[in-house]
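Participant: Below you will find the structure I want to go over with you.
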Amino acid sequence: MSVVLAAPDKYVTMKPKEFREVVRRGEYTGGTGNVCAGYARTAMAIIPKDFALDFFMFCHRNPSPFPIIDFTEPGSPHPLRVAPEADLRTDVTNYHVYINGKLETKVTDIMSYWRDDLVVFLTGCSRGFDAALVSADIKYRSIGVFSTNISCVPAGRFKGPMRTSCRLVKGARDVVRTIQISSRYPAYHGAPIHVGDPAVIGIKDLYHPDVLSRGEAISPLEPDEVPMFWGCGMTLKAVAMASKPPLMITEGDGAMFVTDLLASDLAISS
């Protein structure tokens, strides 16, 4: 199990461009779940151009874990829609590099791996609707990411099991409101894929996620807390291992790319 710690408070109120400059200088290499409050962040998959059409179809068939927000031209590290001044080779706090399905290394920039045939796909992160939950006064705990027994719909050369993020929501009313609110954010995984008993989707131990959202152990469920599960961008790592492309680079655990878009920019109007 890996642990994603919250970023220092000084990064919470930074603007994305300023934060990316900090990252580019190598001054911060940790999690980004709470940085640049109010701005959208994304998961990331970097693959050779020859695999890009297959991967695009794979995302289209699996919109819950892989809602595409932007993608680059082959050889370009600049996401023109969401942050045209950014450099995706250096502006993510840390990267996982997979070679033929195996995690080769973890690095803080990928300049030495970059090639003219690489395409970057940026997919939504459920952190995008957290602010809306807080604004609605919904009481919940975000506890981590879990592997499931749900298989993604294969496409071309891509396949793999789905991973989910989990929030524990208090009370039936807030469960319904959480479904309503998250449904307005299809770019951030949309509505949950499962509500209730974790065992139904193959999760045997709710207290030991694959990736723990915070640095402390998960306290026992309260009587009125309901587990809710969303497709998660960390599914990309499972897909890299299952599909075994010659090269696939993802963000590190909890190291989402921070865009220039406000999270609310990608919501469906109520």
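The values are calculated or read from the model by the stated rules, or taken from the named source; none is laboratory data. Since we're looking at a predicted model, the values are computed, not measured. Reconstructed Cβ throughout: ideal geometry from the backbone, glycine too, with neighbour counts over all protein chains shown.
Participant: Filter the stretch 60-101 down to the residues that are outside any loop (DSSP other than H, G, I, E, B), more than 30 Å from GLU18 (Cβ to Cβ) and out of contact with any Lys or Arg (no Cβ under 8 Å at 6 or more places or on another chain) and list them by number.
Facilitator: Selection gives HIS60, ARG61, ILE99.
Participant: Can VAL258 be described as touching a residue at least 60 places away in the same chain (Cβ under 8 Å), under 30 Å from LYS170 (Cα atoms) and touching an Asp or Glu at 6+ places or on another chain (Cβ under 7 Å)?
Facilitator: Values: touching a residue at least 60 places away in the same chain (Cβ under 8 Å): yes; under 30 Å from LYS170 (Cα atoms): yes; touching an Asp or Glu at 6+ places or on another chain (Cβ under 7 Å): no.
So VAL258 fails the test.
Participant: Yes or no: the stretch 19-33 includes at least one residue that is polar (S, T, N, Q), assigned to a loop (DSSP other than H, G, I, E, B) and crowded, with 17+ Cβ neighbours inside 10 Å.
Facilitator: Applying the first criterion (polar (S, T, N, Q)) to the stretch 19-33 yields 29, 32.
Filter again for assigned to a loop (DSSP other than H, G, I, E, B), leaving 29, 32.
Adding the requirement that they be crowded, with 17+ Cβ neighbours inside 10 Å leaves 32.
Yes; the residues of the stretch 19-33 include at least one that is polar (S, T, N, Q), assigned to a loop (DSSP other than H, G, I, E, B) and crowded, with 17+ Cβ neighbours inside 10 Å.
Participant: Tell me which strands (runs of 3 or more DSSP E) are completely within the stretch 218-270 and hold 3 or more residues being aliphatic (A, V, I, L, M), or say none if there are none. Lay out the reasoning, then the answer.
Facilitator: Numbers: elements: 225-231, 248-251, 257-262.
Here the list reads 257-262.
Participant: So is GLU73 of a type in the set (Asp, Glu), surrounded by fewer than 20 Cβ atoms within 10 Å (Cβ to Cβ), within 21 Å of LEU266 (Cβ to Cβ) and modelled with pLDDT of 95 or more or not?
Facilitator: Values: of a type in the set (Asp, Glu): yes; surrounded by fewer than 20 Cβ atoms within 10 Å (Cβ to Cβ): yes; within 21 Å of LEU266 (Cβ to Cβ): no; modelled with pLDDT of 95 or more: yes.
Judged against the criteria, GLU73 is not a match.
Participant: A further question follows. Kindly indicate whether any position in the stretch 173-186 is closer than 26 Å to ARG61 by Cβ, over 18 Å from the mean Cα position of the chain (by Cα), modelled with pLDDT of 95 or more and not in a helix (DSSP H, G or I).
Facilitator: No: the stretch 173-186 contains no residue that is closer than 26 Å to ARG61 by Cβ, over 18 Å from the mean Cα position of the chain (by Cα), modelled with pLDDT of 95 or more and not in a helix (DSSP H, G or I).
Participant: Here's another thing I want to ask about it. Looking only at the stretch 104-131, filter to residues that are of a type in the set (A, V, I, L, M), touching a residue at least 40 places away in the same chain (Cβ under 8 Å) and outside any loop (DSSP other than H, G, I, E, B); which one of those is nearest to MET234 (Cα to Cα)?
Facilitator: Applying the filter and picking the extreme gives LEU122.
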